[in-house]
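Only the coordinates and a few stated rules stand behind these numbers; no lab work does. Keep in mind the model is a prediction, meaning the values are calculated, not measured. Because the Cβ atoms are built from the backbone with ideal geometry, glycine has one as well, and the counts that use them run over all protein chains shown.
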Amino acid sequence: MAREVGYMDRGLFFFINDFFNTSGSAAAAARAAEAGRKPRRDDLKKLGIDPGAFGRIGRF
């Protein structure tokens, strides 16, 4: 019986890569939002943000 590979089984390089990918998406989304543009759909998904919901957010 094969066991399921958990998040902790993936190794150090997986965590480092995931950290930099997530950080890059956060930076790109922040730059786009500050410039008044909608962030890329992939960046929002990586951050766990629903792209459709993001479009409905208004300014205060």
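Per-residue HN-Hα couplings for segment 20-31, Karplus 6.51 cos²θ - 1.76 cosθ + 1.60 at θ = phi - 60°, whole Hz, x for Gly and Pro?
So the Karplus estimates, Gly and Pro as x, are 5, 5, 5, 4, x, 5, 5, 5, 5, 5, 5, 4 Hz.
Say each of PHE54 and ALA35 gets a label point 7 Å from the Cα, pointing the same way as Cα to Cβ; how far apart are those two points in nm?
About 1.4 nm separates the two model spin labels.
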